[in-house]
Each structure stands twice: as C-alpha cells, then as structure tokens.
1. What does the extension gain come out to for Ala137 and Met191, with contour length at 0.36 nm per residue minus their alpha carbon separation?
2. Can you tell me the convex hull volume per residue for the chain, based on C-alpha atoms, in Å³ to the nearest whole number?
3. In whole angstrom, how long is each semi-axis of the equivalent ellipsoid of the stretch 61-118, when you take the square root of 5 times every eigenvalue of its Cα gyration tensor and sort them from largest down?
4. For the ranges 8-20, 190-202, what's the packing order if you count other beta-carbon atoms within 10 Å of each residue, average per peptide, and put the highest first?
5. Could you order the peptides 133-140, 219-226 from most to least packed, using the average number of other C-beta atoms within 10 Å per residue?
6. Would you mind checking the pairs Lys83/Lys156; Lys41/Lys83; Lys16/Lys41; Lys16/Lys83 and listing those with alpha carbons more than 29 angstrom apart?
7. Cα axis of helix 12-26 to longest principal axis of the chain: angle in degrees, 0 to 90, nearest 10?
8. Kindly provide the Kirkwood hydrodynamic radius of the stretch 66-164 in Å, to one decimal, from all pairs of distinct alpha carbon atoms.
Amino acid sequence: MIAATERELLTPEQLKARLEDTGARFYHHKHPFHLMMHDGKLTRGQLQAWALHRFYYQSRIPIKDAIILSRSDDSEFRRVWRKRIVDHDGAEGGDGGIERWIKLAEATGLDRERVLSNREVLPGVRYAVDAYLHLVADRTLLEAVASSLTEMFSHKLIALRMDRMRQHYPWLEGGLAYFQARLTQAPDDAMFALNYVTEHASTREQQELVIGALRAKCDLLWAQLDAIYFAYVEPGWPPPGAFQFEGR
C-alpha cells in the first residue's frame, strides 16, 4: 500500500488499496461458518438455517437499493443503480435474485412459504440486516454507496462457494443459479460503485468515511454469521421462536 499521512488526500490508487485491505481483513469470507461450509462440514440442517436467514438479507437488498436510489438527484446515477433492484426483484414475477435464492432454500429441503414468512429469523440476524438499512438511510449518500463495495470481494467467495457446494453438497446443484448470476452482476456493480466513491470522495475526511462505511458493512455481514453460528453450530442455542431444524 502507498503510504500517505492522515492529512493528505489519497490518490485513487491509494484509496482502492485501503478498501481492498479492509476487505481482506474484515470481509466474512474467513468466518468459521463459511470455512465449515467450504470444507463440507455443515449438516443439511445447518445449511437450511443459513439459507433461511440469508434470505432475510436477500429480501432487504432491493429495499436498500431503493433507499439509495431515492437519495440521489442525479438521473444518470439513478439509471445505473436501479439495475440492482431489477437484478434482485426480477423484471417480471418468477425471475430475479430473490426468486433464485428461494430455489436454493428449497434445494436444502425448506418449504417456500416458511422461508418467505421471515417468522423464524434470529434476532441477531434481523438486527444486523435492519442496521444495514439504517446505514444507507442515515449516513451520507457517499457512505451508502461505499457500503456496497463488499461486492469487490464477493466474486471470489461466490466462485469458491459454488465449487465447494458441488463437491460437498451435490444435492444443492439445482439451487445454485443465484450464485451463477452474481458472478457477472457483482463485478459490474462493484466497478460502478468504486468509480463513484473515488470520484466523489474529494476530501480526506470523505475518503475515511468511505473506508469506514465498507468496514461497517463487513461487520454487519460478520454479525449475521456470528448469530447463525451461535444458534446452530456452537453452542447451538436457537432462541424461542427461531428456526429449528430436524434433530435439534
């Protein structure tokens, strides 16, 4: 990383390096739950728990993007950003990332309506996901856009996840369409957001806000997995009303 004092404006290359370092250190690719998943050590029930709880996050992504969209008075920005909503909601019913995630949950053995209801979501997961909506609504637009930069790191994680799921959980093959689509969607989205923040973060203070927003988003993703791990792996204490898989 190119050195710079705390008062100097970072160059675009330095800012990108700081963002990449933040992802390398804090993105949830190193969480113990993901490591277990990639090593084939999760049970079907634990995968069900992950798919059900991750759906709550997936279902809020278009809402998050609609909030960001509503905060910009730049029509060109809005034209580009609204693609994210279509990617998840679909141009028509029965299409889009949310529907594909439901197919993944169904491949684990979950009932569609059970997933859609969000009734059994862990309090910790609900809190973390809702905190993300508050982040994009309450902080600056620049920070809201920067929080999406976890997509800079998701491509490698998705590719690894697909490979390991096919290896260890072949019965999930019919539910992997969500990840296949994100292999092309996420890099394009990340490039636009990265260009936006490097162009609009015109002071060192704004650059630090951008880095902080990415760190906050990484923390929220990690917190979701913390809650899932605590409830369904170790010590295995799901609270009353939360999802319970067979055998627990």
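Bear in mind these aren't lab numbers, they're just calculated from the coordinates by the rules spelled out. From a predicted model like this one, the values you see are computed outputs, not experimental measurements. Note that we place each Cβ from the backbone using ideal geometry, even for glycine, and neighbour counts take in every protein chain shown.
1. 17.2 nm
2. Per residue, the Cα convex hull of the chain comes to 127 Å³.
3. Sorted largest first and rounded, they come to 28, 11, 7 Å.
4. 190-202, 8-20
5. So the peptides 133-140, 219-226, ranked by packing, come out 219-226, 133-140.
6. Listed pairs above 29 Å: Lys41/Lys83; Lys16/Lys41.
7. Once rounded, one gets 30 degrees.
8. Evaluated over the stretch 66-164, this radius sits at 15.8 Å.
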